[in-house]
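The values are calculated or read from the model by the stated rules, or taken from the named source; none is laboratory data. Everything quoted here is computed from the prediction, not taken from an experiment. A quick note on method: Cβ atoms are made from the backbone with ideal geometry, for glycine too, and the neighbour counts reach across all protein chains shown.
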Amino acid sequence: MKEVTILGAGYAGLMALKTLQKKAGDFHITLVDQNDYHYEATYLHEVAAGTQPKEKICYPIKDVVNEKVTTFIQDRVEKIDADKKEVTLKNGSPIHYDYLIVSLGFRSETFGIEGAEENALEMVTIDSANKIHEHILASMAKYKQTKDKKYLKLVVCGAGFTGIELVGSLVEARPRYAKLAGVDPKEIEIFCVEAAPTILPMFNDDLTNYCLDHLAKWDVKLMTGKAIKAIKPETVVYQDGKDETMGELEAATIIWTTGVSGSTVIGESGFEERRGRVMVNADLTDPNHNDVYLIGDVSAVMDKESNRPYPTTAQIALKMGTHAAKNVLNQLNGQATQEFTFKSQGSVASIGNTHAFGMVGNTGIKGYPASFVKKMIENKSLMETGGFKEVFAKGRFDLYH
Ligand SMILES: Cc1cc2nc3c(=O)[nH]c(=O)nc-3n(C[C@H](O)[C@H](O)[C@H](O)COP(=O)(O)OP(=O)(O)OC[C@H]3O[C@@H](n4cnc5c(N)ncnc54)[C@H](O)[C@@H]3O)c2cc1C
């Protein structure tokens, strides 16, 4: 019996699993993840701010595993030897495969900025998002004891999609933080430091201005044109783009959202990669191994229109999962693999529970309708990976609970 192994039970990995399980035949599937739960990474900022409990965005992996055809192993993948067709795990015995689907996702990218890894909080897993929330709560308690204003300051490093979504959730949670600290919400200062002179270049002026106007109204201190040079304990060191002078911003909470790379396993396994991502063949296989698929945030796929790789998103990860599984089925049946094609449906960024903005197809949307669309997009992807059961279990039809 042929062995198909999937590494990572995120968006991409679970879509691959579901597609393969539907066509269960003369092959066995092994799924490996470091956790026994799947989490919706697109909601991590809400766990970090404490506007959603982690239970709301996680569900047990066993809920989607058909034990008749799939073995789930909870372990950490350490290395892949694609020549030997072997995967090394942290605790268990090595796994041998005939076909491998690698979907190990993203990690925080610090671009070598001094002190960022040690002194800023990353937001890439349920545990790291939860740690941010606990850190904020502890800071509010410390303010009560010390009256030191640094405990009321929250700094988000990076004003990309993720950073802006996090800022929106922090604004929403601000009254709760203020209550814990015993201060007026206005005293909780939220900063967002960004090297570029403007934010969110993928959106048109109307949508960007919608976002900027709200940030201004909510008294978010958006510091654009400030390149972060180092993170010292409780201090962001930045260079001012205009006059090149150095500035320092002291805050007890510093959160790093300047960018992500693919899993470290990719580089450590000797794949030809850049920042943990492999430029895959048109059928999503590794250029050097036609039995290894790299999908989701560990891969880069060229968008022929822009001549640049597509941005790594849950949207493309879901599609790649289905496509890679279909290609494995083709290979198992002795048929040719198919080229992966992708047309982005657009993207919508939330800023808090009831505000959002973005593009759906070629149409710009903003405000309450956009926040409704955003929630429906999230529910659709939960439906795709977890099915009706998880959408109901998480109470996700109650959009504005
Ligand atoms: C705050 C935030 C908001 C976002 N918003 C959007 C959005 O609105 N729209 C959108 O399309 N995208 C969004 N994204 C991007 C999106 O979340 C990612 O592109 C997507 O999660 C990638 O899916 P994936 O399946 O490749 O990896 P992941 O979702 O990262 O899953 C990887 C899986 O691999 C497991 N794993 C990792 N390393 C190991 C290991 N060594 N051993 C075993 N298991 C391991 C993990 O536990 C996880 O289950 C957002 C990201 C963030 C952080």
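Take the range 179-221 and flag every residue that is of a type in the set (Ser, Thr, Tyr), assigned to a helix (DSSP H, G or I) and without any contact (Cβ under 8 Å) to a residue 60 or more places away in the chain.
If the condition is that a residue be of a type in the set (Ser, Thr, Tyr), assigned to a helix (DSSP H, G or I) and without any contact (Cβ under 8 Å) to a residue 60 or more places away in the chain, then Thr208 is the only one that fits.
Conditions: (1) touching a residue at least 12 places away in the same chain (Cβ under 8 Å); (2) surrounded by fewer than 16 Cβ atoms within 10 Å (Cβ to Cβ); (3) closer than 24 Å to Pro197 by Cβ. Arg274 meets all but one. Number of the miss?
Result: Arg274 fails condition (3) only.
For (1) assigned to a strand (DSSP E or B); (2) more than 14 Å from the ligand (Cβ to nearest atom); (3) β-branched (Val, Ile, Thr), each residue gets a yes or a no:
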| site | (1), (2), (3) |
| --- | --- |
| Thr51 | no, no, yes |
| Tyr59 | yes, no, no |
| Glu78 | yes, no, no |
| Thr88 | yes, no, yes |
| Asn91 | no, no, no |
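Restricting attention to the range 130-138, does a residue exist that is hydrophobic (A, V, I, L, M, F, W, C), closer than 25 Å to Ala317 by Cβ and modelled with pLDDT of 95 or more?
Keep residues of the range 130-138 that are hydrophobic (A, V, I, L, M, F, W, C), which gives 132, 136-138.
Filter again for closer than 25 Å to Ala317 by Cβ, leaving 132.
In the following step, the residues that additionally are modelled with pLDDT of 95 or more were identified as 132.
Within the range 130-138, one or more residues are hydrophobic (A, V, I, L, M, F, W, C), closer than 25 Å to Ala317 by Cβ and modelled with pLDDT of 95 or more.
Give Glu134, Glu114, Glu118, Glu165 a once-over and let me know the one that is crowded, with 20+ Cβ neighbours inside 10 Å and acidic (Asp, Glu).
Working: Glu134 fails: crowded, with 20+ Cβ neighbours inside 10 Å; Glu114 fails: crowded, with 20+ Cβ neighbours inside 10 Å; Glu118 fails: crowded, with 20+ Cβ neighbours inside 10 Å.
Being crowded, with 20+ Cβ neighbours inside 10 Å and acidic (Asp, Glu) holds for just one of Glu134, Glu114, Glu118, Glu165, which is Glu165.
Condition test on Ala12, is it small (Gly, Ala, Ser), surrounded by 15 or more Cβ atoms within 10 Å (Cβ to Cβ) and in contact with a His (Cβ under 8 Å, 6 or more places away or on another chain)?
In short, no.
Among the residues of the range 276-291, count how many are of a type outside the set (A, V, I, L, M) and either modelled with pLDDT under 95 or within 14 Å of the ligand (Cβ to nearest atom) (or both).
Residues meeting the conditions: 2.
For residues in the range 146-178 being of a type in the set (Val, Ile, Thr), in a helix (DSSP H, G or I) and within 16 Å of the ligand (Cβ to nearest atom), which is farthest from Gly225 (Cα to Cα)?
Checked the range 146-178; the qualifying residue farthest from Gly225 (Cα to Cα) is Val171.
Across the range 317-338, which residue is farthest from Ala16 (Cα to Cα) among those that are among the β-branched types (Val, Ile, Thr) and either crowded, with 24+ Cβ neighbours inside 10 Å or more than 16 Å from the ligand (Cβ to nearest atom) (or both)?
Looking at residues that are among the β-branched types (Val, Ile, Thr) and either crowded, with 24+ Cβ neighbours inside 10 Å or more than 16 Å from the ligand (Cβ to nearest atom) (or both), I get Thr337.
Assigned to a strand (DSSP E or B), in contact with a helix residue (DSSP H, G or I) (Cβ under 7 Å, 6 or more places away or on another chain) and within 11 Å of the ligand (Cβ to nearest atom): which single residue out of Ile73, Ile101, Ile29 fits that description?
Selected residue: Ile101, the only one of Ile73, Ile101, Ile29 that is assigned to a strand (DSSP E or B), in contact with a helix residue (DSSP H, G or I) (Cβ under 7 Å, 6 or more places away or on another chain) and within 11 Å of the ligand (Cβ to nearest atom).
Given the options Lys90, Lys84, name the one that is within 25 Å of the chain's Cα centre (by Cα) and surrounded by fewer than 18 Cβ atoms within 10 Å (Cβ to Cβ).
Lys90 is the lone residue from the list that is within 25 Å of the chain's Cα centre (by Cα) and surrounded by fewer than 18 Cβ atoms within 10 Å (Cβ to Cβ).
Just checking, does the range 347-361 include any residue being within 15 Å of the ligand (Cβ to nearest atom), part of a helix (DSSP H, G or I) and touching a Ser or Thr at 6+ places or on another chain (Cβ under 6 Å)?
No, the range 347-361 contains no residue that is within 15 Å of the ligand (Cβ to nearest atom), part of a helix (DSSP H, G or I) and touching a Ser or Thr at 6+ places or on another chain (Cβ under 6 Å).
Among the residues of the range 177-186, is there at least one that is small (Gly, Ala, Ser), touching a Pro at 6+ places or on another chain (Cβ under 9 Å) and buried (at least 17 other Cβ atoms within 10 Å of the Cβ)? Walk me through it before giving the result.
Quick first cut of the range 177-186, residues small (Gly, Ala, Ser) only: 178, 181-182.
Then drop every residue that is not touching a Pro at 6+ places or on another chain (Cβ under 9 Å), which leaves 178.
Narrowing the set further to residues that are buried (at least 17 other Cβ atoms within 10 Å of the Cβ) leaves 178.
Among the residues of the range 177-186, at least one is small (Gly, Ala, Ser), touching a Pro at 6+ places or on another chain (Cβ under 9 Å) and buried (at least 17 other Cβ atoms within 10 Å of the Cβ), which makes the answer yes.
Counting just the residues of the range 1-26 that are touching a strand residue (DSSP E or B) at 6+ places or on another chain (Cβ under 9 Å) and of a type in the set (D, E, K, R), which one comes out farthest from the ligand (Cβ to nearest atom)?
Per the stated criteria, the residue is Asp26.
Name the single residue that is nearest to Arg176 (Cα to Cα) among those in the range 19-78 being among the small types (Gly, Ala, Ser) and either in contact with a Pro (Cβ under 8 Å, 6 or more places away or on another chain) or surrounded by fewer than 22 Cβ atoms within 10 Å (Cβ to Cβ) (or both).
Among those residues, the one meeting the criterion is Gly50.
Would you confirm, using the coordinates I've provided, whether Val360 is more than 22 Å from Glu3 (Cα to Cα) and not assigned by TED's automatic domain parsing to the domain that holds Asp206?
Working: more than 22 Å from Glu3 (Cα to Cα): yes; not assigned by TED's automatic domain parsing to the domain that holds Asp206: yes.
Answer is yes for this residue.
How many residues does the range 294-349 hold that are under 22 Å from Met383 (Cα atoms) and touching a residue at least 12 places away in the same chain (Cβ under 8 Å)?
Total satisfying the criteria: 25.
Within the range 123-135, can one find any residue that is more than 15 Å from the ligand (Cβ to nearest atom), in contact with a Leu (Cβ under 7 Å, 6 or more places away or on another chain) and either outside any helix (DSSP H, G or I) or not β-branched (Val, Ile, Thr) (or both)?
Yes, the range 123-135 contains a residue that is more than 15 Å from the ligand (Cβ to nearest atom), in contact with a Leu (Cβ under 7 Å, 6 or more places away or on another chain) and either outside any helix (DSSP H, G or I) or not β-branched (Val, Ile, Thr) (or both).
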